[in-house]
Each structure stands twice: as structure tokens, then as C-alpha cells.
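Data block below; observations after.
The values are calculated or read from the model by the stated rules, or taken from the named source; none is laboratory data. Worth saying up front: this structure is predicted, and the values here are computed from it rather than measured. All Cβ positions, glycine included, derive from the backbone under ideal geometry; neighbour counts span all protein chains shown. Side chains included, ligands, DNA and RNA excluded: accessible areas come from the protein's heavy atoms. Shrake-Rupley method; radii C 1.70, N 1.55, O 1.52, S 1.80 Å.
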Amino acid sequence: DTGMFTYDPGFTSTASCKSKITFIDGDEGILLHRGYPIDQLAEHSTFMEVAYLLLRGELPTKEQYEQFTYTVTRHTMVHEQLAMFYRGFRRDAHPMAVMCGVMGALSAFYHDSTDINDPHQRMVASFRMIAKIPTIAAMAYKYTIGQPFVYPDNSLSYTGNFLRMMFSVPAEPYVVDPVIERALDRIFILHADHEQNASTSTVRLASSSGANPFACIAAGIACLWGPAHGGANEAALKMLHEIGTVERIPEYIARAKDKNDPFRLMGFGHRVYKNYDPRAKVMQKTAHEVLAHLGIKDPIFDVAHELERIALHDDYFVEKKLYPNVDFYSGIILSAIGFPTSMFTVLFALARTVGWIAQWDEMLQDPDQKIGRPRQLYIGAPYRDYTSIDQRR
Ligand code: SDX
């Protein structure tokens, strides 16, 4: 009717919502953001430009891009008192536990200035969350290793600023490596949004009650943490290290096929993709580039490559349509750059915050939006009357 592109894959009745942001065709391995294919965005765009696209629906002009990135940089610092909040965590706390707590705590700083029915205040909250999530993430890392927090440097790019807050120390000069900056920016693009995945659905459901957006993003972080979802990048690298050598791959392939063994190939399979995850292809190419640039001959990359080759030719995985997903190669790259495995899902949350916010804002723009209320299929006891305890046997 509006000439807009509508795609009904036949499950409209089970679709949780309508959205214009991201389109996935799991059978064909297609991922579009506002109509643009993910491989072209990963190749030619920047994470900040993709953030603008997801939030506003169009790629920005030069002026729009400069204004957007300038506004983001104006919000990169966090309230000085928030730094004290970290002190309540054990030093060995998982950074995702810290992220859940700190993002939720931000709702205590920005509760009365977030009337979510006011588009301007939603925009301010959006800029605050996009701008502060790298600062909060880097602080979570610095806290766990006992190093001082590093303030943002707004003369750097969004991703360059994050790298500096993560890896610089006051005692040494720090220069952002442009190849690493570009690779990480591309990884952020690949993680920015992915339709109604578990964590995005969590953010939408929490937000549908009108809850504070910072608290809703904290709920999304909590959901993303699970190993079946965003925690898979950490689990995939741990699995590759456990396999250790190409010779041991057949043993793990057999375990993954054994219904009595709970072991699954982490970084493989997907609820929607029954074809190659287009993000995994870009990730594999980026892994090659980063390892070559850093002069790293990582045997784990060879294990990953051989595991993928074997699985893609194994009848079981072919029949079940199991392919590498976005999490399969990402850990190899992040580890080579210097991130500890405990930070992998934090980086996923950093990037996905843009998608969560775009989906949150889209939902609240809908005048007919109502509180989410999933129903169930009741399979419990039929109607029965209460019996007093002395009558029970
Ligand atoms: C992400 O939703 C999103 O968009 C998520 C995400 C995003 O960007 O937000 O794409 C990010 O979460 C990617 C997925 C990361 N998770 C992992 O890599 C963990 C390992 N993968 C599996 O746990 C699993 O593949 C899931 C959880 C991702 C999907 O599980 P499903 O729904 O069971 O997958 P399926 O229905 O397609 O499975 C078909 C069969 C099943 O066997 P049968 O019941 O038919 O006998 O394949 C089996 C599954 O048991 N199977 C696997 C497997 N994944 C599915 N067997 C071995 N290894 C695997 N990895």
C-alpha cells in the first residue's frame, strides 16, 4: 500500500512486532539494515554511520554525520559518582555482571529526565546510552584489572576512544592502531542489530511497560550474557582452546552429534539462519586481516578453519542446517587485539546497545503500542477444590 517493502515469511501470526529496522532471511542468509546489506555496510560504513542509519532510517549526509558524532562525543563522560559504584563489585566479578549493575544504576542518575513519551527526551537518553556504553565497558575492564579509569578523549573516533579507554595507562603514551580501530569498528557494525533476537525482545518487552530506558537496556545486557546468545563468543573461543589441535576435532564433532552429550559446537547454529550467517563471512575475513597485521600465527584459527570445513561437509550438520554464526570467529580476533575472553560479550553488548535503542525508540513511536503480554499453552492440572492439610495423603 505505501509501496514499502513488506516481506511475510509466513509466520506473521507469530511475529512479535512490525519493524522497519532489520530484515533477515534465514534460509538465504540475508541481513539488511534499513535495506542495506550487512556486507556492504561492514565494508564501506562506520559504526557511527550505521548507528545513525538504524536510529534515523537513512544514511546521513556529511553534515548530519558530523552533527551526530559531535553530539555523541558530548555525552561520553559518566557522572563522577558512578565511578564509586564500581567499588561495590569484587575485583574478579565478570564484567557482564558489572555492566548489568552499572547500566541499571544509570537509571538512578537519569530517572526524572526521561519522559519516554517525549521524542526529544528519548533522543537525549539515546545519545547518553550510545555515548556512555563504551566508557562504562572500559571502566568495567579497568576495575577488574586494578588499573585507573581512563577518561574519554573526544578527539578520537568512537571506536578509537574505546580502544584508548581500554588499553591506555596514564604512565605510557597510547596511539590507536588504525587497522585494529577499523577491524573493531567493523565488528561493532556486525553486532549492531539483529531483528527480534532474545535480548532485543527483552528490551522491547521491558520498555513496553514504560520502564526507564537505562533499566531496560540493563535487562537486555542480562539476557545477552547467556552462552546460547551473546555469551557464545566467549564460549566458542574456550571450546576452540579445549579442542586445541586439528587432530582432536573429530572427537568434538562426534560429541556435538551425540544426543546424550550436552556438548554443542559454540558459534555454530542459529534460531533463524539455516544458511551461512552473512556476518560470519565478514568476521572470518577480518580475522585473517587482523592476524596478518599483528603477525600472529594463531593455531586456534587453524582449528576454527578446519572445524568449519569438516562441519560444512558433515551430513549431520548439513541436514540440521548448522553453519558458523557471528560468534564463531569473533573471539579469535578480539583475543588477538588483546581483549580477555570475559570482555567478549561486553563488546557485543556495547555494539548491540545501538540496536536495542533503535528498536526501543521505534516501538515508542507507535501510537498504538501496548504493554507486551505473551500468552501460554496451559498444560497443568484441571480445575479442583482446595483440601485442608489434614485431608491430604
Ligand atoms: C546469537 O537470535 C539471534 O539473532 C541471535 C544472534 C544475534 O545477533 O542477536 O544472532 C546472536 O545468539 C547467535 C547464536 C550464538 N549461540 C551459539 O553459538 C551457541 C551454540 N548454538 C546453539 O546453542 C544453537 O544453535 C542455538 C541456541 C543458537 C539455536 O538452537 P536451536 O534453536 O536448538 O537450533 P535449531 O532448532 O536450529 O537446532 C536444530 C538441531 C537440533 O537438534 P534436533 O532437536 O533437531 O535433534 O540442531 C541441533 C539442535 O539440538 N543443534 C546443534 C547446534 N545447534 C543446534 N547441535 C550441535 N551444535 C550446535 N551448535
Rounded to a whole %, the carbon-and-sulfur portion of the accessible area of the range 167-242 at a 1.4 Å probe is 65 percent
Straight-line reach from LYS132: which lysines fall under 27 Å, measuring Cα to Cα and dropping same-chain residues less than 8 apart? LYS20, LYS62, LYS142
Taking only protein heavy atoms into account and a 1.4 Å probe, give the accessible area per residue of the chain in Å². 50 Å²
At most 14 other Cβ within 10 Å, DSSP loop - GluC sites (Glu not before Pro), the range 60-90: GLU80
By accessible area with a 1.4 Å probe, ligands and nucleic acids excluded, highest first: order of SER199, SER342: SER342, SER199
Above-threshold pairs, the threshold being 27 Å between Cα atoms, out of LYS18/LYS285; LYS238/LYS281; LYS259/LYS321: LYS18/LYS285
Karplus ³J(HN,Hα) for the range 265-273 (6.51 cos²θ - 1.76 cosθ + 1.60, θ = phi - 60°; Hz, whole; x = Gly/Pro) runs 6, 6, x, 10, x, 6, 5, 10, 5
Compute the distance from the alpha-carbon center of the range 75-128 to that of the range 334-393, in whole Å. 20 Å
Counting only chymotrypsin sites (Phe, Trp or Tyr not before Pro) that are in a DSSP loop and have at most 12 other C-beta atoms within 10 Å, tell me the longest site-free stretch of the chain. 12-377
